[in-house]
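Here is the structure we will look at, set down as structure tokens.
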Amino acid sequence: EQTNRNPFPTTVSSPSPITPRFTIASGMSTKNLQAGDRQGAAARGPYDDVEPVAYHSDALEELLVRAQSWVMATDNLRNNIKLVIQAEKECAQRIRKIAVGQDAPVSFHVTQRPCDEKGVTAKDSLTLAATDCFKTFPNQLAARHEEIAKALSAIESGKAKEVQKAAKNHKTTVESTVVSLWESVAGTRDALREKAKTVKSTEAAQGGEVDVWLLRVQEAAARKQERTVSAAFCQQVATLWTDVRQIEEGLVGRMGEVMTALLSAQSGSLVKLDAEAQTHCRTIRSIDGRADWLLFSTQPRVAKSINAPPAQADWRSWSGEGTQKALEDEAKGNLMACGGDGEVVISGLLQRQGTVIKFNWHKHFFVLTAAGFLHYFPSQSECIPDASFYLPGFRVELGVEKEIMTILLHPKSKSWFSSGAPTKLVVQTDSTSQTPLAEWERALSGFAVPLPSEPAPEEQ
């Protein structure tokens, strides 16, 4: 995009020094001809009244401008090559910077990768493909850009420089030849005309009669000599024209060689890059997720777990008397038996009456400990109780009637946040329980006093 300099300029400023066009002896130049009698000129032809020196002089001027345009073309050619070289180097630097920064473009957690016989760490196919895509291939791409820049630098300092030098030498040769031809013909013509003027002025100065015949003879001789010089000038211009055409053919051929070398340098590197890209595409197509997972599972830390026999139900390493008790209990996992012997006074399933809706009964697992705590749990397998009461902290009243036991817990101390009302628990035995209600009454009697009996109506 930066190569916006036209290698072949269509317009070139006039070179300097440029000698003005000749004014022929009859006083008519190419400019005068255009402004003269156009009808007569058209009938006679464009150059009938113009000496050949005039339009051969125009040809010389065009040759000089053409030679200068060749210098400009070769200058632009080298500048364009330099811009391409600079772009290739900058592109290579940016790509390589990205590729170097990508230490692991795509990686997965693997603590210990297995190694082959040579000690080379194995990598999964996805990691290899990602490394090819984001690291290896960008590095190769940067290398191809550097290779192109290097090849273009050799062309720029070699063939392009040579053709630029040839164009400058051509311009110098054309300039010197044109100036020499102009000075030669102009000097000779001017000298002859001055000689004719001198003859006339001499005759007039003598005061005698002027010999018209002699003047015409001398003027004719000068005119003949001038024509001879002009013809030689035209012949030399024609020869120079032929020589310049041959030189330009050589310059065209050399410019073509430069541009062919430029394209070959770039296309050759792109062919290599295409082959490398095809190799990486095959690597990407070979991604195998199943093989990658197998590679992950073969690392020692994972393989030991995968290849081990299935774990037993009680796979943990038990410790402590409580866990040993739960492990040895017939009902495995009975955590209520972990407290040890003598810790539990009585335990079993009881149904608790709802506090709001009296006909609702809720099944709980009750436990009375030797320390005086009464707990009830959602089930025997749960370890977090729904409620816990420290019986020594209450004045406990106990009563049993019709297989229903009522427990009233009166707080011994009152606080600002308690109403002082007793907590009432009404329970009955569950059909699946093996502990009769009488045993619960005996166990709780050590912490309670009997409920007062119902008073007679007259006493009320």
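The values are calculated or read from the model by the stated rules, or taken from the named source; none is laboratory data. Only a predicted model underlies this, so the values are computations on that prediction, with no experimental measurement involved. All Cβ positions, glycine included, derive from the backbone under ideal geometry; neighbour counts span all protein chains shown. These area figures cover heavy atoms from the full protein model, side chains too; ligands, DNA and RNA do not enter into them. Shrake-Rupley method; radii C 1.70, N 1.55, O 1.52, S 1.80 Å.
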Arrange the residues C383, C91 by how much accessible surface each exposes, largest first, with a 1.4 angstrom probe.
C383, C91
Inter-label distance for A303 and E194, nm, one decimal - labels placed 7 Å from Cα along Cα-to-Cβ:
10.9 nm
Measuring from label point to label point, each 7 Å out along Cα→Cβ, what is the V179 to R285 span in nm?
6.9 nm
Quick calc, segment 237-301, dipole around Cα centre from Cβ unit charges on Lys, Arg (+) and Asp, Glu (-), nearest 20 debye, gives 520 debye
Between K424 and Q225, what length comes free when the chain is fully extended (0.36 nm per residue of separation minus the Cα-Cα distance, one decimal in nm)?
56.3 nm
N360 versus R245, label points 7 Å from Cα toward the beta carbon: distance in nm?
11.9 nm
Accessible-area order (highest first, 1.4 angstrom probe) of the listed residues E219, E183
E183, E219
List H362, H410, ordered by accessible area with a 1.4 Å probe, largest first
H362, H410
Could you let me know the centre-to-centre spacing of segment 55-89 and segment 420-447, using Cα atoms, in angstrom?
116 Å
Within the under-10-Å Cβ sphere about V426, not counting V426, Lys/Arg +1 and Asp/Glu -1 give a net charge of +3
Would you please classify the overall shape of segment 131-185 from the alpha carbon gyration tensor, given that a ≥ b ≥ c denote the square roots of the eigenvalues, rounded means a/c under 1.5, and beyond that prolate means a/b larger than b/c while oblate covers the rest?
prolate
